[in-house]
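First the structure, then my questions, so here it is.
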Amino acid sequence: MKIAVLPGDGIGPEIVAEAVKVLERIAADGFDFTFEFAPVGGAAYAQTGHPLPDSTLRLARDADAVLFGAVGDWKYDQLERALRPEQAILGLRKNLGLFANLRPAILYPELAGASSLKPEVVSGLDILIVRELTGDIYFGQPRGRRRSPDGAFAGEQEAFDTMRYTRPEIERIAHVAFKAARGRGKRLTSVDKANVLETFQFWKDVVTEVHAEYPDVELDHMYVDNAAMQLVRAPKRFDVVVTGNMFGDILSDEAAMLTGSIGMLPSASLNEKGQGLYEPSHGSAPDIAGQGIANPLATILSAAMMLRHSLGLPEQAQRIEAAVQTALAQGLRTADIHAPGTEKVGTARMGDAVVAALG
Ligand code: IPM
Ligand code: MG
C-alpha cells in the first residue's frame with residue numbers, strides 16, 4: 001500500500017514524523033506500507049516555485065492514501081493568491097475530487113478539564129461533522145476584483161465571490177452524511193442559511209429529498225448562526241452534522257475547541273473511489289514550528305482514519321486510537337492540553353508513547 005506523505009510547512013514535518021513512526025510500528029506487524037515523501041505548500045514553493053508541483057500532485061493521485069501535515073506561513077502571505085501555500089490543499093481537494101470531509105470531535109474523558117466549557121456540558125461529546133469540501137463559495141466562479149457595475153457604489157472598486165451548489169454535489173454529500181449517521185446515533189443535523197441564501201434553501205430542499213431514502217435516520221435542519229450557538233450551549237444534542245464548505249470550515253474549528261484542543265482533531269477527505277487525504281484539522285502553527293512542542297495526536301489519529309477509510313484495516317485503526325487513549329491515561333500531555341497534575345511532554349515523546357502503547 002502506497003502512502004504519499006506531504007509534510008508541508010510550520011509544524012507539519014514534526015507532527016507527520018510522529019504519525020509515520022506509528023504507521024511503521026503497525027507495518028512491523030506484517031503490513032506492507034511504502035511511504036513516498038513530497039514537498040507541498042510554502043516548502044514546495046521555496047523549492048520549485050509552486051505550492052503544488054505536478055510531481056506532488058501525481059504522487060498523491062497515484063497513492064492509495066495521502067498523509068498531509070499542514071500548509072501556510074506568514075512569509076508567503078504577500079504572494080499572489082495562486083502561489084500561496086493554501087492553494088496546495090485546495091488544489092489537492094479539487095484535483096482528487098475529495099468532496100467529503102469527515103471531522104470527528106470526540107472528547108477524551110482524560111481531557112474533560114481542558115475544554116473551555118464546563119465538564120458536564122462536554123463530557124461524552126461525540127460529534128461527526130461532515131463538511132462538503134469541493135464546492136460552495138470556496139470554488140464558485142466567477143470571483144475577482146473589478147469596478148462595481150451597478151448599485152449605490154457603481155464605479156467603486158469591489159471584490160466578489162460566488163456561492164453555488166449543484167444538485168449532484170448536495171446529493172452525494174447528503175448520502176455520505178446519512179450513511180455515517182446510520183452507523184452511529186442515527187441523527188443528522190443539516191446546517192444551512194436557508195432564511196437568507198438561495199444556495200442554502202436549495203441545499204435544505206435537496207437534503208430533505210435524500211432523507212426519503214434513509215427513513216431510519218432522524219433529520220433536522222438548523223440555521224448556521226443557531227448551530228454556532230448550540231455547539232457551545234448544548235453540544236451533546238448533535239450526532240452527525242452535514243453542511244457546506246464554508247460553514248463547515250467555521251463550525252469544525254468551533255467543535256474542535258469543545259474537545260479541549262484543536263490539536264486532537266483528525267480529519268479524512270474522501271472521493272467517490274474511497275481514496276483519501278488525511279490531515280489534522282489544525283493548521284501549520286508557524287509560531288511554534290521547530291520547537292518540538294506541537295501536539296502530534298491529531299495527525300496520528302488521522303493516520304488511524306486512513307487505515308479505516310482507505311486501507312481497509314479497521315482493527316489497526318482501533319489499535320492506534322486505543323494507544324492514544326493509553327498515552328493520555330498515562331498523564332502525558334503536550335503544551336496545548338497540559339493541566340496541573342499531568343506531565344508536559346514534547347512532540348516526539350508523545351509519538352513514542354503512542355508507539356509504546358501499541359505493544
Ligand atoms: C481547513 C483550513 C483550510 C480551509 C485552509 C487552510 C485553506 O482552514 O482545512 O479547515 O479553509 O479549508
Ligand atoms: Mg479551517
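The values are calculated or read from the model by the stated rules, or taken from the named source; none is laboratory data. This is a predicted model, so every value here is computed, not measured. Because the Cβ atoms are built from the backbone with ideal geometry, glycine has one as well, and the counts that use them run over all protein chains shown.
Could you tell me which of the residues 88, 105 is assigned to a helix (DSSP H, G or I) and in contact with a strand residue (DSSP E or B) (Cβ under 8 Å, 6 or more places away or on another chain)?
On the way: 105 fails: assigned to a helix (DSSP H, G or I).
Just one listed residue meets the conditions, 88.
If you don't mind, another one. Given the criteria over 13 Å from residue 132 (Cβ atoms), surrounded by 15 or more Cβ atoms within 10 Å (Cβ to Cβ), out of contact with any Phe, Trp or Tyr (no Cβ under 9 Å at 6 or more places or on another chain) and not small (Gly, Ala, Ser), does residue 215 qualify?
Working: over 13 Å from residue 132 (Cβ atoms): yes; surrounded by 15 or more Cβ atoms within 10 Å (Cβ to Cβ): no; out of contact with any Phe, Trp or Tyr (no Cβ under 9 Å at 6 or more places or on another chain): yes; not small (Gly, Ala, Ser): yes.
Taking the combined requirement at face value, the residue does not satisfy it.
If I ask for residues that are modelled with pLDDT of 95 or more, within 25 Å of residue 59 (Cα to Cα) and part of a loop (DSSP other than H, G, I, E, B), which ones from segment 258-309 would you list?
Listed by number, the residues that qualify are 271, 284, 296.
Considering only segment 127-158, state which residues are in contact with a Pro (Cβ under 9 Å, 6 or more places away or on another chain) and either modelled with pLDDT under 95 or crowded, with 18+ Cβ neighbours inside 10 Å (or both).
127, 128, 129 - these are the residues of segment 127-158 that are in contact with a Pro (Cβ under 9 Å, 6 or more places away or on another chain) and either modelled with pLDDT under 95 or crowded, with 18+ Cβ neighbours inside 10 Å (or both).
Look at residue 348 and say whether it is of a type in the set (A, V, I, L, M) and touching a residue at least 40 places away in the same chain (Cβ under 8 Å).
Values: of a type in the set (A, V, I, L, M): yes; touching a residue at least 40 places away in the same chain (Cβ under 8 Å): yes.
Here the answer is yes, as residue 348 does meet what is asked.
Pairs needed: first member in segment 201-215, more than 16 Å from residue 168 (Cβ to Cβ); second member anywhere, of a type in the set (Lys, Arg); C-beta distance under 7 Å; at least 6 residues apart or different chains.
From residues that are more than 16 Å from residue 168 (Cβ to Cβ), the pairs are 214/182.
Failed condition for residue 90, given (1) farther than 22 Å from residue 14 by Cβ; (2) touching a Leu at 6+ places or on another chain (Cβ under 7 Å); (3) within 16 Å of ligand 2 (Cβ to nearest atom); (4) not charged (D, E, K, R), with all others met?
Here residue 90 clears every test but (2).
Cβ-Cβ below 6 Å, separation at least six or inter-chain, first residue in segment 139-154 and closer than 18 Å to residue 80 by Cα, second hydrophobic (A, V, I, L, M, F, W, C): which pairs?
145/159
So which residues in segment 55-87 are within 30 Å of residue 32 (Cβ to Cβ) and within 16 Å of ligand 2 (Cβ to nearest atom)?
Kept after step one, since they are within 30 Å of residue 32 (Cβ to Cβ), are these residues of segment 55-87: 55-71.
Residues satisfying the conditions are 68, 69, 70, 71.
What's the number of the only condition in (1) more than 15 Å from ligand 2 (Cβ to nearest atom); (2) in the same structural domain as residue 126 (by TED's automatic domain parsing) that residue 275 fails to meet?
It is condition (2) that residue 275 fails.
Any residue that is more than 16 Å from ligand 2 (Cβ to nearest atom), on the phi < 0 side of the Ramachandran plot, part of a helix (DSSP H, G or I) and out of contact with any Asp or Glu (no Cβ under 6 Å at 6 or more places or on another chain) - is there at least one of those in segment 236-256?
Yes, the conditions are met somewhere in segment 236-256.
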